[in-house]
Amino acid sequence: MNKQKSLVLLGTAHPFRGGLAAFNERLATQFQQEGWEVIIYTFSLQYPGFLFPGKSQYADWEAPAHLNIRVRVHSVNPLNWLRVGREIARLCPEVLLIKFWIPFMGPCFGSIARLVRRNRHTRVVCIADNIIPHEKRPGDMLLTRYFTRSVDAFVAMSRSVQQDIAAIAPGKPCSFHPHPLFDNFGEPVSRATALEHLQLDNQYSYLLFFGFIRAYKGLDWLLEAFADPRLACLPVRLIIAGEFYEDSKPYTDQIARLQLEHRVVLRTDFIPDDQVKYFFCAADLIVQPYKTATQSGVTQIGYHFGKPMLVTDVGGLSEIIPHGEAGYVVSPQPAAIAEALVDFCLRNRQHHFDAGLAREKQKYQWAGMSAAVREAKNG
């Protein structure tokens, strides 16, 4: 790489899809706008097929033309790690930036980082979604520690992750910076346009559960809360938008048992990037009834589209959504979720949070995240 400020981002990007790819591509764009030369090293194989819970890992749209994305990394091939590590080391970037979210990637990322550091020039910075995973498996801590020992400095996206890093990698510099706005899903459209696009009836208000569906995200709690008789008589519907990453039957059975078939809108395929705005602009309230969490990109899509949010008081969610200002923070249980939904729907609070949302939104610009990475590099 030339004498221009340079960064290699190691992680998920096109041809892969999802929130990780969207984050990495948006952050790479930010650094480019600030005058950095950026290369993204993404996967030739991210997960073996049998380990991936969804229908497809791959995007069906073109790669972003303004980004230099190299499809190189094989997550389970040590010989590949050796080649990629040596290749990046020869580039001598100022920063090797790694987005870490799951222990499975620890051997791959940790091995590449060790090889790159041998050039005695590149500093390894990790942006940590999670350090301790939501769904724990044997060997997680061993794999995570292998990775954390290869990192020079961390940027944690929630206070709880910052505390986890302090326990697992004591003495390593670790700052906190929350997830920036996901502003790469287009500009807002009118509610009428969104409802027409989604073929939804405009006589109803809509609650939105968005994102891939796994047990820790608490959809079962939300369905139980939505069955509250006080909501049943109101013109409100629940949209469930996102792909099942586990067996869908317990949820469809629960919907039938609670007699919610006519009150729930199921859109349970993967939601492409260009469709996200319609779901958020159709919704009146975004609901994240998580059982465990660190932080969430969904909140930052909500802020971008100016939508109030209901989150449970787990992980770092309450750090992002101040209760009563940008939405609701409730205890993680169906009864508390139901009370907040009743308050919102019965008292017509669709615009009650507008001022707070506009104020909070200003805290989550991408320039702040790039500054946090630069500070970690220099720390």
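Listed values, structure above:
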{"quantity": "Residues (closer than 29 Å to Glu87 by Cβ and among the charged types (D, E, K, R)) located in segment 113-139", "calculated": "Arg114, Arg117, Arg118, Arg120, Arg123, Asp129"}
{"quantity": "Segment 290-312, residues that are closer than 15 Å to Ala215 by Cα and at pLDDT 95 or above", "calculated": "Thr312"}
{"quantity": "Of residues in segment 308-323 being in contact (Cβ under 8 Å) with a residue 12 or more places away in the chain and more than 17 Å from the chain's Cα centre (by Cα), the one surrounded by the fewest Cβ atoms within 10 Å (Cβ to Cβ)", "calculated": "Pro322"}
{"quantity": "Residue in segment 99-107 that is of a type in the set (A, V, I, L, M), surrounded by 23 or more Cβ atoms within 10 Å (Cβ to Cβ) and in contact with a strand residue (DSSP E or B) (Cβ under 7 Å, 6 or more places away or on another chain) present", "calculated": "no"}
{"quantity": "Matching residues in segment 339-357 - criterion: being assigned to a helix (DSSP H, G or I) and under 18 Å from Leu317 (Cα atoms)", "calculated": "Ala340, Leu341, Gly356, Leu357"}
{"quantity": "Conditions (1) farther than 27 Å from Glu243 by Cα; (2) not in a loop (DSSP other than H, G, I, E, B); number of the one not met by Ala22", "calculated": "(1)"}
{"quantity": "3 or more residues closer than 20 Å to Arg237 by Cβ and out of contact with any strand residue (DSSP E or B) (no Cβ under 9 Å at 6 or more places or on another chain): qualifying helices (runs of 4 or more DSSP H) within segment 271-332", "calculated": "276-282"}
{"quantity": "Residue match in segment 265-284 (condition: touching an Asp or Glu at 6+ places or on another chain (Cβ under 8 Å) and buried (at least 23 other Cβ atoms within 10 Å of the Cβ))", "calculated": "no"}
{"quantity": "Subset of segment 174-205 [in contact with a strand residue (DSSP E or B) (Cβ under 9 Å, 6 or more places away or on another chain) and within 27 Å of Ala21 (Cβ to Cβ)]", "calculated": "Cys174, Ser175, Phe176, His177, Leu198"}
{"quantity": "Segment 350-379 residues that are farther than 26 Å from Lys172 by Cβ and touching a residue at least 40 places away in the same chain (Cβ under 8 Å), paired with ones that are outside any loop (DSSP other than H, G, I, E, B) and of a type in the set (Val, Ile, Thr) (beta carbon under 9 Å, 6 or more apart)", "calculated": "Glu360/Ile320"}
{"quantity": "In segment 289-339, residue farthest from Arg191 (Cα to Cα) [restricted to those that are in contact with a Gly (Cβ under 6 Å, 6 or more places away or on another chain) and small (Gly, Ala, Ser)]", "calculated": "Ala293"}
{"quantity": "Residue match in segment 255-265 (condition: in the same structural domain as Lys217 (by TED's automatic domain parsing), more than 21 Å from Glu243 (Cα to Cα) and not aliphatic (A, V, I, L, M))", "calculated": "yes"}
{"quantity": "Every residue from segment 358-376 that is hydroxyl-bearing (Ser, Thr, Tyr) and either surrounded by fewer than 16 Cβ atoms within 10 Å (Cβ to Cβ) or not in a helix (DSSP H, G or I) (or both)", "calculated": "Tyr364"}
{"quantity": "Condition broken by Arg191, with the remaining ones in (1) under 25 Å from Val314 (Cα atoms); (2) in contact with a Cys (Cβ under 8 Å, 6 or more places away or on another chain) satisfied", "calculated": "(1)"}
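Results for (1) part of a helix (DSSP H, G or I); (2) of a type outside the set (Asp, Glu), shown as yes or no for each residue.
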| position | (1), (2) |
| --- | --- |
| Asp164 | yes, no |
| Ala167 | yes, yes |
| Gly171 | no, yes |
| Ser175 | no, yes |
| Phe182 | no, yes |
| Phe185 | no, yes |
| Asn202 | no, yes |
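Rundown of residues vs (1) of a type outside the set (A, V, I, L, M); (2) at pLDDT below 95, yes/no style:
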site: Gln259; (1), (2): yes, no
site: Val264; (1), (2): no, no
site: Phe270; (1), (2): yes, yes
site: Asp274; (1), (2): yes, yes
site: Phe279; (1), (2): yes, no
site: Val314; (1), (2): no, yes
site: Ser318; (1), (2): yes, yes
site: His323; (1), (2): yes, no
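The values are calculated or read from the model by the stated rules, or taken from the named source; none is laboratory data. Owing to the predicted nature of the structure, the values given are computational and were not obtained by experimental measurement. When we count neighbours, we look across all protein chains shown, and the Cβ atoms used for this are built from the backbone with ideal geometry, even at glycine.
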